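J.: Below you will find the structure I want to go over with you.
The values are calculated or read from the model by the stated rules, or taken from the named source; none is laboratory data. Since this is a predicted model, take the numbers as computed values, not measurements. As a convention, Cβ positions derive from the backbone with ideal geometry for all residues, glycine included, and neighbour counts pool all protein chains shown.
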Amino acid sequence: MTAVVNGITHLTSDTFRLTVERDGVTEHCTFHRTGEGLLSGVHWDEPVEPLWDFAPLRALNKAALRIGQGEDVPLPLTLG
């Protein structure tokens, strides 16, 4: 599986959407930030796609956490 984050859209101060190209299909993954600073976390706003391989899914969650903590993430970002 090949997955690449191509875009970040901030919907509200606590919610953002990542545009991900996964095996030639564009998907939108929305996350909600909770907490502040290093104690912040992110949660999927939709159910997790069951067909994601573990490594890209873990990398996507790590990228979402970095974004939720206010870090800049260079795009495109290859997951996995």
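J.: Inside the range 30-59, can you point out the residues that are surrounded by 12 or more Cβ atoms within 10 Å (Cβ to Cβ) and either aromatic (Phe, Trp, Tyr) or at pLDDT 90 or above (or both)?
T.: Within the range 30-59, 30, 31, 32, 44, 52, 59 qualify.
J.: Turning to a different aspect of this structure: Given the condition in contact with a strand residue (DSSP E or B) (Cβ under 7 Å, 6 or more places away or on another chain) and part of a helix (DSSP H, G or I), answer yes or no: does some residue in the range 38-58 qualify?
T.: Yes: the range 38-58 contains one or more residues that are in contact with a strand residue (DSSP E or B) (Cβ under 7 Å, 6 or more places away or on another chain) and part of a helix (DSSP H, G or I).
J.: Looking at the structure I just gave you, is residue 21 among the acidic types (Asp, Glu) and assigned to a strand (DSSP E or B)?
T.: yes
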